[in-house]
Structure formats: structure tokens, C-alpha cells
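The values are calculated or read from the model by the stated rules, or taken from the named source; none is laboratory data. Because the structure is predicted, anything quoted here is derived from the model rather than measured. Cβ coordinates were reconstructed from backbone atoms using ideal geometry, including for glycine residues, and neighbour counts include every protein chain displayed.
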Amino acid sequence: MRFDSIHNYYETLVVRELIQTFVDDIKHIDEDYLQDIACIALNMLPARYVRHDVDMAFFLTTSERADMDLAVKDAVLKAKEHVDNQESDSRPNTYSQ
């Protein structure tokens, strides 16, 4: 049995937001940096597992989609701030909301 089509719908939204946020520099930014931001942002968002993105998009109202987009934007900005602050710290820190 294969489960590779199952994924968290927010992954697509977070990646899209990262691309929009860093559109001018995306090819010059360290991949680890972007992945750290993505992981932290995803941990701030609820899990919404789907097999196909279109399934989720079909069942969302316009208001729900706008709320999700806003939550993703906020999570990415907070995650970026957290990762940026970690660069100057001498010890690892955990994120607290």
C-alpha cells in the first residue's frame, strides 16, 4: 500500500509564501535557511492532510481560504524572525508563540 500522495495542505501554502516573500533573492538564499523557516512555520499551523490539493480547495469557503492565507503569512514572518534571531545567539532556542 502506498501513502506518498498524502501530505499536509499547509506545506504547499508555506512554500508558496516563502517564494513570494523571497522572490527577489530566492536563488541566492541558503536552502537550509528556507527549510528552517518552512519547518518552524509549519509547526505553528494546524495539520490539514489531503491526498490532492484540489480536494481541500474545493471545500474551502472564500473566507476560510483568506484566513488560511493570513495564518500562513503570519507564521512565515514569525518563523523568519525566529531563524534570523538564532543566527546571533550562541545557543539553540525553542520557539514560543
Residues within the stretch 22-45 that are exposed (fewer than 10 other Cβ atoms within 10 Å of the Cβ) and outside any helix (DSSP H, G or I), tallied:
6
Taking the stretch 10-45, which residues are over 10 Å from the mean Cα position of the chain (by Cα), over 10 Å from residue 76 (Cα atoms) and not acidic (Asp, Glu)?
19, 20, 22, 23, 26, 27, 28, 29, 33
Across the stretch 1-54, the tally of residues that are in contact (Cβ under 8 Å) with a residue 60 or more places away in the chain and among the aromatic types (Phe, Trp, Tyr) stands at 1
Residue by residue through the stretch 12-21, note down the ones that are out of contact with any helix residue (DSSP H, G or I) (no Cβ under 7 Å at 6 or more places or on another chain) and surrounded by 13 or more Cβ atoms within 10 Å (Cβ to Cβ).
16
Could you run through the stretch 50-84 and say how many residues are closer than 22 Å to residue 7 by Cα, under 16 Å from the mean Cα position of the chain (by Cα) and loosely packed, with under 14 Cβ neighbours inside 10 Å?
6
Result of the Cβ filter at 8 Å on the stretch 57-75, keeping first residues that are over 20 Å from residue 36 (Cα atoms) and partners that are modelled with pLDDT of 90 or more and assigned to a helix (DSSP H, G or I), at least 6 apart or interchain, is 57/65; 60/68; 68/10; 68/13
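Residue-by-condition table, conditions (1) under 18 Å from residue 10 (Cα atoms); (2) at pLDDT 95 or above:
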position: 45; (1), (2): yes, yes
position: 52; (1), (2): yes, no
position: 59; (1), (2): yes, no
position: 75; (1), (2): yes, yes
position: 88; (1), (2): no, no
